Amino acid sequence: MRTLLRDAAAGVIAAGLGIAVAELFAAATRPDAAPLIAVGGAIIDATPTAVKEFAVRELGTHDKPVLLASIGLVLALFAAAIGVLGRRRRVLVVAGTVVLGAAGATAALSRPTASAFSPVPSLLAAAIAGSVLWWLLRTAEPPRHRRAFLRGALLVAGAAVLAEAGAQLVTRTTGRVRTDLALPAPASPAKALPAGTAPGFTTASADFYRVDTALTVPRIDPDTWTLRIHGMVGTELELSLEELLRRPLIERDITLNCVSNEVGGPYIGTARWLGVPLAPLLTEAGLRPEADQIVARSVEGMTIGTPVATALDGRDTMLAVAMNGEPLRPEHGFPVRMLTPGLYGYAGACKWVTELELTTFAAFDAYWVKRGWARTGMVRTASRIDQPRPFARPAAGPVTVAGVAWAQRRGITKVEVSVDGGAWKPAELRPVPSIDTWVQWRWTWNATAGPHSLSVRATDGTGQAQTEARATPFPSGATGRHTITVTVG
Ligand SMILES: Nc1nc2c(c(=O)[nH]1)N[C@H]1C(S)=C(S)[C@@H](COP(=O)(O)O)O[C@H]1N2
Ligand SMILES: [Mo]
């Protein structure tokens, strides 16, 4: 039993050193080539939509740490097994580390932005782990003393901790990029929010939901960033950030939401965005009439397909550079992201964008479309009750029922509340800056003692009421009414 544990520990410690050194090496060169990150990225891309949905729903923004921890755990189990089996048959140390190294290298090479360098950290990790394990197992053999093994194991573990600390340090120092851009004043500023909007209309950037597949937030140097507009155009354009920012900027309040949001869910927010309108850039590039899709590509290889029509029909489709008065935060797309009012994020809001390719929907399926999501991604009319909270216990008498409703590009004309499935009562709508934002609504309920259900429904600017039919987020956005239960007492 003792030797079993010892051999397992030797495997885990050796793997730990290999991974830590690889992380240090990757941090200094290409962070996305670190073995666990590469494997995690490959898993995310290969994960069936249903599982992704589950992870986003159940884990929210913890989905990434949970994934990395799970990969770490599986790796530790493998490493322990290699330690145990490898002591008897040393060839298994070689075979095991070759398999793990190859898995990491293959994952790294499968990433959309892979280069010939990508497999190097994984191969390095395997070489270090294999030779260190070999050495540790030798120190455990007679005639050597148990002490020799302990000393060796401590040495390796110490080196692993040091390498990992180094990796963290390098990530924090070289990984930081200048995000304190000087932002030009907008040629077309946003109007002040209309009197009567309640607190919470604008979502603070720190509270804005985050949904993406990036295990490491891309750190982009604004001085070397460029945007290439190419494909079905007359003249290809390539712009630096400085050149982009020389164009007239617009500033708008726009609500962005995720297609993965469940009825009543949190993946929606409203911010004041500053950006360069896309339409003039497309005209300048000499967009060809056959092009019906803009494929936005990000530095880490995401592709998001947006209908050309949504850039040319007069809405405020933009290349955004700022959110709520400050440059985009790295996790929200610094330095530049797309933003298309009226489309879910997966269809119009590519973060860390570096390329716009004009093409057709017939010729190319973007990342989410390949995985079965709807091509056009127009947001569905929806509404949410934020107050009272589900299962709250308000006192009998007047109770404020309040929330938000949204149908970007169509606007909201009516919100109604029903208690216990009874008659629909119109809620009061607070003023909005445009049809591209959510609407805050409130209704005063004369609550009577006992358990009650509260439902909400919205009607959009086309006169269409929100459907009662339940639909899952996949493939084109959740539908159904948000209903909560409270106990008045
Ligand atoms: N590069 C990149 N851009 C992306 C994504 C992504 O995974 N990678 N996810 C999209 C999705 S699904 C949504 S809902 C929005 C979310 O933007 P936010 O994280 O700034 O709220 O970004 C979009 N842009
Ligand atoms: Mo999304």
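The values are calculated or read from the model by the stated rules, or taken from the named source; none is laboratory data. These numbers come from a predicted model, not from an experiment. We place every Cβ from the backbone using ideal geometry, glycine too, and count neighbours over all the protein chains shown. Side chains included, ligands, DNA and RNA excluded: accessible areas come from the protein's heavy atoms. Shrake-Rupley method; radii C 1.70, N 1.55, O 1.52, S 1.80 Å.
Assorted remarks:
- Filter pass, Ala165 being within 25 Å of Val66 (Cβ to Cβ), in the same structural domain as Gly11 (by TED's automatic domain parsing), loosely packed, with under 15 Cβ neighbours inside 10 Å and not polar (S, T, N, Q): yes
- Filtering Val74, Val84, Val51 for residues that are at pLDDT 95 or above, out of contact with any helix residue (DSSP H, G or I) (no Cβ under 7 Å at 6 or more places or on another chain) and open to solvent by 30 Å² or more (accessible area, probe 1.4 Å) leaves a single hit, Val74.
- Residue count for region 106-124, restricted to those that are under 28 Å from the mean Cα position of the chain (by Cα) and either closer than 18 Å to Leu17 by Cβ or of a type in the set (Lys, Arg) (or both): 4.
- Any hit, region 228-240, residues being out of contact with any helix residue (DSSP H, G or I) (no Cβ under 9 Å at 6 or more places or on another chain), farther than 27 Å from Pro289 by Cα, in contact (Cβ under 8 Å) with a residue 12 or more places away in the chain and away from ligand 2 (no atom under 16 Å from the Cβ): no
- Test for Val353: is it among the β-branched types (Val, Ile, Thr), near ligand 1 (Cβ under 9 Å from one of its atoms) and surrounded by fewer than 19 Cβ atoms within 10 Å (Cβ to Cβ): no
- Residue match in region 247-264 (condition: of a type in the set (Ser, Thr, Tyr), assigned to a loop (DSSP other than H, G, I, E, B) and surrounded by fewer than 19 Cβ atoms within 10 Å (Cβ to Cβ)): no
- Thr61 modelled with pLDDT under 95, open to solvent by 40 Å² or more (accessible area, probe 1.4 Å), more than 22 Å from Leu169 (Cα to Cα) and not small (Gly, Ala, Ser): yes
- Selection status of Leu244, farther than 21 Å from Asp212 by Cβ, more than 11 Å from ligand 1 (Cβ to nearest atom) and surrounded by fewer than 23 Cβ atoms within 10 Å (Cβ to Cβ): yes
- For region 398-489, the strands (runs of 3 or more DSSP E) that sit wholly inside it and include 1 or more residues that are buried (at least 19 other Cβ atoms within 10 Å of the Cβ) and in contact with an Asp or Glu (Cβ under 8 Å, 6 or more places away or on another chain) are 412-419, 439-447, 450-460.
- Selection of region 340-350 for residues being more than 22 Å from Glu290 (Cα to Cα) and either within 9 Å of ligand 1 (Cβ to nearest atom) or β-branched (Val, Ile, Thr) (or both) yields Tyr344, Gly345, Tyr346, Ala349, Cys350.
- Positions within region 226-243 being within 25 Å of the chain's Cα centre (by Cα) and either not assigned by TED's automatic domain parsing to the domain that holds Val321 or not polar (S, T, N, Q) (or both), in sequence order: Leu227, Arg228, Ile229, Leu241
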